[in-house]
Structures are given as structure tokens and as C-alpha cells.
1. Tell me which of these Asp353 doesn't satisfy, since it passes every other one: (1) under 32 Å from the mean Cα position of the chain (by Cα); (2) surrounded by fewer than 22 Cβ atoms within 10 Å (Cβ to Cβ); (3) within 27 Å of Leu32 (Cβ to Cβ).
2. What strands (runs of 3 or more DSSP E), lying completely within segment 91-153, carry at least 1 residues that are small (Gly, Ala, Ser) and either in contact with a Leu (Cβ under 6 Å, 6 or more places away or on another chain) or in the same structural domain as Thr190 (by TED's automatic domain parsing) (or both)?
3. Go through segment 217-238 and give me each residue that's crowded, with 24+ Cβ neighbours inside 10 Å and either charged (D, E, K, R) or over 22 Å from Gln462 (Cβ atoms) (or both).
4. When only residues in segment 398-418 that are free of Cβ contacts under 8 Å to residues at least 40 places away in the same chain and of a type in the set (A, V, I, L, M, F, W, C) count, which is surrounded by the fewest Cβ atoms within 10 Å (Cβ to Cβ)?
5. Any residue at all in segment 308-317 that is at pLDDT 95 or above and closer than 23 Å to Lys383 by Cα?
6. Considering segment 188-217 alone, what residues qualify as being farther than 27 Å from Gln417 by Cα and part of a helix (DSSP H, G or I)?
7. Go through the residues of segment 175-184 one by one and say whether even a single one is in the same structural domain as Tyr280 (by TED's automatic domain parsing), in a helix (DSSP H, G or I) and not hydrophobic (A, V, I, L, M, F, W, C).
8. How about segment 187-214: which of its residues are over 22 Å from Cys92 (Cα atoms), within 13 Å of the chain's Cα centre (by Cα) and surrounded by fewer than 23 Cβ atoms within 10 Å (Cβ to Cβ)?
Amino acid sequence: MAKAETKPGKEREKGKEERKEGNKEPEAAKGLSIKKDEEFGEWFSQLIIKAELIEYTDVSGCYVFRPNSYFIWEQVQQYMNKRFQPLGVKNCYFPLFIPEHLLLKEQKHVEGFVPEVAWVTHSGKTPLKERLAVRPTSETIMYETYKKWIRSHRDLPLLLNQWNNVVRWEFKNPVPFIRSREFLWQEGHTAHASREDALSEVFTILNIYEDTYRECYAVAGIKGQKTEAEKFPGAEMTTTFEVFVPSGKSLQGCTSHLLGQNFAKAFDITFTDEKEQQQYIWQNSWGFSTRTIGATIMMHSDDKGVVFTPRIAPTQVAIVPILFEKVRDEILKKANELKDELKQAGLRVVLDDRNHTPGSKFYEWELKGVPFRIELGPRDLEKQECVVVRRDTGKKESLKLKDVKKRLPALMEQMHQDLFAKSQEVQKKESVHVKNFVDLKKGVEERKLIFADWCGHAECEQRITNETPAKILCLPFQDNDPAQGTTPTTGDCSVCGKKGLVVALVARSY
């Protein structure tokens, strides 16, 4: 397990200086100077800069998503849109700015977000008549419009989603991807005629989120329900997918909320049911952000650089010809033919024919997380073969050139499944079930993922928060299935020793 993180930021200034030097060899040839299991935070900060995923700006907590990371977000968008559309969810866009009077309509919601809200107060030098909040989330501005659109049960369900950015300004220690002041996400906001329909969708979306982690990122996690203290402001219930990463911390990977009728009553959103009776609608909201990119980087990457599963990697294959003057043209010709063949097969391929040493090229593509490297030298050409190298394991395999196109998809699929299994193993290996508070504190100290019997009382939850650097992440669902409800326990509470009610998931968190 990695040591505790140091504060990010040192790598930012160092990276700026290195980029000014104009090195002849690729910057990646220098590799990483910090190991993952020694200084996790500095390793992460260095990695995302050198792998060309993030660039810092002069606004703390606001980052440039470089093409390598934004491509991943586009792949996730495509996957999720394909899962949302069969449900009847349609994409839309609502404004970035929210008038203060709308934000104040739902007091519980406002109380939860006020410390994080950034405000627009002036137009040039002229004060605005009313402050405008920069979107921390879109419930209030969307629901003012829903009131205009919903009149009858025939208008339900209303299922809308938007891909956008939000701004939350409260925290003091931003980390790219993980905790930033501006981030990208999707936020779904739906309205239903009954609680049953709304609750069913909450679980459906949570399962889609889990599928997205597995199918796009090869990352495992735990689904559960947030406690009253941790649920979304104004919601009746919040469900979550928690990802435990090798730093010894958990990431809240996404959330799906049953809002109930709280917002409907605040915004007076009613409909006429089939019996001609006026009813308040039932609402949900759900979100999945670019934090998920940070989760896959933290989970899979190593001391050589990023490890991306082939499904999301901006470049899936890097062809590196080993060039000698006598056969240079022949090798390049064959390498180009292979590149064209793989591209026609739908793979994302680059041919690295730069005038750098093969070693420096290997280091660069390893650093950037390219899943497979193909080496083609004079001896390979004589045999009509090439060497295929897998990024995560370093395993090499000699293939006939005529077989590469057919063999690579199977290798890619195997790599994805192996990475997912590795993620499951991290979670399993670092999990402990504790029976008392001494063992709970020991588990927190050792940076474990803790399953603890809990009585359900807020005082015991608060004691965990007060006396350790951890908290209750969620109440895990039985067999990771939301339909089965939270996991009951027959044991005594790990905090107070009284009769237990449910199993709680406890860990340090980002």
C-alpha cells in the first residue's frame, strides 16, 4: 500500500521549467523520478503532466484537459449515451448561470452548496441587480423550467441529461481529475409519476455507472447507499459507487439520487394524474464526472507511466521501427504497410519514425499508456515477423506480420479483462472486516477498506469522523446488488458495542 500523499504542486513548477529546455530527446525519455508506492501524490502529479494529460493554469483548481485525456472522456460519453438512449433519456443543455432567487428556493440544497458557490456580481463595472451563481449543479435552474413543461401524467416521465461543466470553489487542496474547482460531468435530471418508477431508475443508472467503470476503465468498486449525513443535500436517498485505489483511499466514483418530492414542492411542480387529481412529481438526479479518469490512472498506472485499457486509450498501438541505414527504407515501407492495415481494421495506431533512439521511444509510449508496442527490426523483417509488447505486463510475443491484425484484438480484450481482475484483487486484498473500534482505528491507520458492523446511530458515525481520518463511505448493497438493499449484520456495532444494524464501508477518502 502506498504511503500518504504529499500535497500536489511541486511537479507543476518543475514541469514548466522542463518544457522550456527544448530537449532533443522526448521528455518522456527521462521517465518518472518518483515511485507510486513511496510518494503517491507526487507520483500522480508528475505522471499526469509527463503523460500529457493535464496542463496547469493560473487559476488554482482549474486545468486544461489535453487531447490525450479529453479523448478518454469522449469515449465514455459515447458509451454512456448508448446506454441512456434506450431508456428514453435525451440530451439537452441549460445555462451556466443561475439567478440567486432560484438557488434559494430549495433551502436544504442551498445549505449544502453555499460554501462552494462562485458568484457573478458585476457586468463590467456595473453591479448586477441580482447575483448569478456559476453552476455548482443544475437542479434549481432546470426545475424552474420543468414546472412549465409538466402538466399531465402524459408529460411523464421527463428524462433529460446534459454534458457540461460545473464549478465548486470551497476546498483548499485541489488535485487534477480528483478534486478540481471546475470539472466536466454528465448530470441526469428526471421526473416521474410515482416513487416506484423513480426508485427503479436510481438503481438502473447506478448499474450503468458500474458497467461504465468495468467496460471503459476496467475498474471494480462497491455500490451502496450513503448515510443521512453523507447524502446529497435535499435528496431522499443517495446511492454511490465507491472505488478503492492503491493510495489507500476511496473515491466516490459517481452518485445516483432519489430526490423524492422535495424539489417538486419547492418549485411547485405538479401534474394531473389519470384520476384527474393533482400530484407532485417524483424526481431523480445522477452524475458521473471526469474524476473517473483519475480513478483509472490511480488504479492501473505504474512507475513507468500511465496504463490505459485499450478500449479508452487515445493510441492503442505504437509501431516502433528499429532502423539501420542499410535496410531503413525496407523497414519503413513494411512498418507503413502494417500501420495502414491496422488502421483499416479500426485500430488507433501511430508509426514512430522520428530520429530518436528506440529506447527513448519505448519510454515515451510506456509513459503515455499506449497498450501495445510493435517493434520491427532487420531480423524481424527477414522472418516476416514483429515483436508485440504489452504495456501492463511487459510481455513480448513474436507474431507473423500477416497474423498481427487478427491477433491484436484478442490480446487487447485479454489485457482489459486482466486489468479488471487486478482491480478486483486490489479491493479484495485491502479489505478487512472489523468487530470493534480498536480494530477499526487500526484498519484506518493501515489504510484499509473496512467493513464494520454499525448500529445506525449518528453519534457512532460522528465518532469515526472525529477520531480517525476516515468516514463511512456508504452502506454496501448485498452482493453489490441495489435491488437487495443494504447489507444487514447480526454482529455488534464496531463503535459502541451495542446491537448492530447494517454493515458500513469505512475508509479514508478523497
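The values are calculated or read from the model by the stated rules, or taken from the named source; none is laboratory data. Keep in mind that this is a model prediction, so the values were computed, not measured. When we count neighbours, we look across all protein chains shown, and the Cβ atoms used for this are built from the backbone with ideal geometry, even at glycine.
1. (1)
2. 118-123, 126-134
3. Answer for segment 217-238, where residues must be crowded, with 24+ Cβ neighbours inside 10 Å and either charged (D, E, K, R) or over 22 Å from Gln462 (Cβ atoms) (or both): Tyr217, Ala218, Val219, Gly221.
4. The residue in question is Ala410.
5. Step one: list which residues in segment 308-317 are at pLDDT 95 or above, which gives 308-317.
Next, only the ones that are closer than 23 Å to Lys383 by Cα stay: 317.
Scanning segment 308-317 turns up at least one residue that is at pLDDT 95 or above and closer than 23 Å to Lys383 by Cα.
6. Arg195, Glu196, Asp197, Ala198, Leu199, Ser200, Glu201, Val202
7. Checked segment 175-184: no residue is in the same structural domain as Tyr280 (by TED's automatic domain parsing), in a helix (DSSP H, G or I) and not hydrophobic (A, V, I, L, M, F, W, C).
8. Glu210, Asp211, Arg214
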